[in-house]
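Below is one structure, written out as C-alpha cells; comments come after it.
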Amino acid sequence: MSIYKFPKLIYGLLAGRGPYTGPYSIQLDLTNACNAQCIYCMNYSPLGLEKEYDKDWQKIRLSLEDIKKLIPEFQKLDVRIVTLCGNGEPFMHPDILEIVRLIKSSNISCIVRTNGILINRKIIKELFNVGLDTIDLSLWAGTAKEYQQMHPQENQDTFHRIRDWLYYLNELKKNLKRKKPEIRVVNVIGAYNYSSIGEMLSFAYDMNINYVVFKYVVTGSFKNEVAKGLELTESQKKELLRMWDLSCYKNRVRTNFYYFRKELKKSFIPKRCYFGWLYTRLKVTGEVNPCCGCLDLEMGNFKETPLSLIWGQSRYQEFRRETIASLDGEYFRHCLCTKICPHWYSNSFLDRYFKIFAPIRNLF
C-alpha cells in the first residue's frame with residue numbers, strides 16, 4: 001500500500017476539491033440477520049422500536065461473489081481497514097471465515113464487530129491462523145448476571161462461553177508470542193447497566209482485554225416512552241463517574257473514558273465532519289453511505305457502479321463540501337450524527353488541524 005496515503009488524505013481535505021486517495025476505513029455490512037436481542041439494539045431490541053423489521057429484511061446478506069468483486073476495488077482505493085459488521089451479526093453469515101481470509105490475503109487490516117455468541121475455540125483458532133487483526137466484542141456487561149439482563153434471550157452460560165474463548169485466545173497469543181487478534185470490548189452504557197462499570201473494568205483486566213470502548217446509548221430508534229427510560233439521569237451520570245473514580249482498575253485498562261465523560265456532558269456534537277475523506281459504509285443492499293449516522297444520504301450502489309467511481313463522483317463531493325461548511329443545515333436534517341456522533345473525538349482531533357490550515361486553503 002502507498003506510503004503517501006495520509007499526505008494525500010490531508011491534502012485532499014485542505015484543498016476541499018475532492019479526495020486524492022480512497023477511504024482509509026470501510027465498514028462492510030455482511031448481513032441483517034442476528035442471533036441476539038440486545039436491550040439497547042436499534043434493530044432487534046425487545047423493549048419497543050419505532051420501526052420493526054420484517055423477516056425478509058432480516059434475511060438480506062451480501063453474497064460471497066459480491067465481496068469478491070469488492071476486494072479489487074478496496075485495493076484500487078488503497079483501503080487500509082475493513083470492519084465487518086452491519087445491522088446483524090457477522091458470524092450469522094455462512095462465509096464469514098472465507099471473507100476474513102479474502103481481506104487478509106489482500107494485505108488489508110480486518111476487524112470483526114461481533115456479539116461473540118457464535119464464536120468458539122475452533123473458530124478462534126481459524127481466526128488466529130488467518131491473521132485477523134481485531135475482534136470488537138459487544139458485551140455491555142462485566143458479570144454473567146448482568147449479561148443476562150442485557151441479553152434477555154440468553155442465559156448466564158453464554159457469558160461463560162464467551163469468557164472461555166477469550167481465555168483460549170489469550171493462551172494462543174502467549175504460547176505463540178503473537179499480539180493479534182487484539183480484543184476491544186465495546187460497552188454501550190445506559191440506565192440499565194451504568195451501575196456496573198466497575199465490574200466491566202474488572203472483567204477487562206482479568207481477561208487481558210486490549211481496549212475498552214464506552215459508548216452512550218443511542219435512543220433515536222426507540223419509541224419515545226422507551227427512549228426516556230434508557231437515557232441516564234443527571235444523578236445516574238454522577239453515580240457512574242463516582243464509581244469510575246473508585247475503581248482500582250481505571251488506570252490498569254486502556255479505555256476511551258476521557259471522551260466518554262465528554263459524551264455524558266453532551267458536549268460532543270461536532271460543527272464539521274471530516275469522515276467524507278476517511279470512511280464509507282457499504283450496506284447489504286449495495287447502498288453506499290458516507291457515515292453510519294447519515295443513513296438517508298445514499299452516494300450510490302456498489303452493485304451497479306464500481307466503488308472507486310462512486311467515491312469520486314459529484315454526489316459524494318457535495319457531501320464533503322457540506323460537512324466542512326456546517327452540520328446545522330437542512331442537508332443533515334435526518335442524520336443521527338448531528339445528535340450523537342460516534343466519531344466525534346476523531347473529528348475534534350482533525351478539526352484542530354483544519355482550523356490551523358483553513359486560512360491557506362485558497363492556495364491549493
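The values are calculated or read from the model by the stated rules, or taken from the named source; none is laboratory data. Computed from a predicted model, the values in this text were never measured in an experiment. With ideal geometry, Cβ positions are generated from the backbone for all residues, glycine too; neighbour counts draw on all protein chains shown. Just so you know, the surface numbers come from the protein's heavy atoms only, side chains and all, with ligands and any DNA or RNA stripped out. Shrake-Rupley method; radii C 1.70, N 1.55, O 1.52, S 1.80 Å.
The trypsin sites (Lys or Arg not before Pro) of the range 150-184 that meet both conditions, a loop assignment by DSSP and at most 13 other Cβ atoms within 10 Å of the site Cβ, are 177, 178, 179.
The lysines within cross-link reach of residue 177, meaning a Cα-to-Cα straight distance under 25 Å and a gap of 8 or more places when in the same chain, are 104, 122, 125. The label point for residue 106 and the one for residue 178, both projected 7 Å from the Cα toward the Cβ, are 2.1 nm apart.
Under 19 Å of direct C-alpha separation, and excluding same-chain neighbours fewer than eight residues apart, residue 271 reaches these lysines: 262, 339, 355.
The candidates 277, 57, arranged from most to least accessible area with a 1.4 Å probe in the full protein assembly, appear as 57, 277. Each residue of the range 132-149 is assigned a 3J(HN,Hα), and the resulting list reads 3, 7, 8, 10, 8, 9, 7, 10, 6, 7, x, 9, 5, 5, 5, 4, 5, 5 Hz, derived from the Karplus form 6.51 cos²θ - 1.76 cosθ + 1.60 (θ = phi - 60°), x at Gly and Pro. Amide H to amide H distances under 5 Å link residue 49 with 223, where only residues 5 or more positions off or on other chains count and H is placed in the peptide plane.
Between amide H atoms placed 1.01 Å from N, distances below 5 Å from residue 300 occur with 288, all of them 5 or more places distant or on a separate chain. Only protein heavy atoms count here; under a 1.4 Å probe, residue 134 has an accessible surface of about 20 Å². If you take the Cα centroid of the range 228-282 and the Cα centroid of the range 129-187, the two points sit 22 Å apart.
What the range 22-72 shows is 47 Å² of accessible area per residue, with the surface traced by a 1.4 Å probe over protein heavy atoms. Close amide H contacts of residue 189 (hydrogens built in the peptide plane, cut-off under 5 Å, sequence separation of 5 or more or a different chain): 215, 216, 217.
Of the heavy-atom accessible surface of the range 31-265 (probe 1.4 angstrom), what whole percent is carbon and sulfur? Looking at the range 31-265 in its full context, I get 46 percent from C and S.
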